[in-house]
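Structure, as structure tokens:
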Amino acid sequence: MLFGKKKEEPKHLTPIDAKIEILGSGCKNCNDLEANTIEALTRLGYTAPVEHVKDFGQMAACGVMTTPALRVNEKVLLSGRVAKASEMEKLLKEALS
């Protein structure tokens, strides 16, 4: 302990069975949305693979016309913008419950 600061215990993450996808070309915004999604999952105490879909044909088949987009269990939760981790946390909590 340096200067009285307590080291945080590592959070134990629970694996969940969910299909989480980031849809986008791989640009900075898409990567930011992916990072915020992973951070939100960690805050919720979950771990799950996050797939990055870059095929525009697949995106169109999902009904996504603006990227980046977040899709959880075949449902588009967010499209056309990067949400902060705190907002992502709320979206994911609702979608995964």
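List of remarks:
- Charge-dipole axis of the chain as Lys and Arg at +1 and Asp and Glu at -1 on Cβ define it, positive-most pick from ALA18, THR37, LEU77: THR37
- J(HN,Hα) series, region 70-85, from Karplus relation 6.51 cos²θ - 1.76 cosθ + 1.60, nearest Hz, glycine and proline x: 10, 10, 10, 6, 6, 10, 6, 9, 7, 8, x, 7, 9, 8, 5, 4
- Between ALA48, ALA83, ALA40, the Gaussian network model of the chain with springs among Cα atoms under 10 angstrom shows the greatest mean-square fluctuation at ALA48.
- Largest mean-square fluctuation among GLY63, GLY45, GLY80, in a Gaussian network model of the chain whose springs join Cα atoms under 10 Å apart, belongs to GLY63.
- For THR47, the residues 5 or more places off, or on other chains, whose built amide H falls under 5 Å of its own are THR14, ILE16.
- The percentage of C-alpha pairs in the chain whose separation is greater than 19 Å is 41%.
Values in this text are rule-based calculations from the coordinates and carry no lab data. Predicted model, so just to flag it, every value in this text is computed and none were measured. No Cβ is skipped: glycine too gets one built from the backbone with ideal geometry, and neighbour counts run over all protein chains shown.
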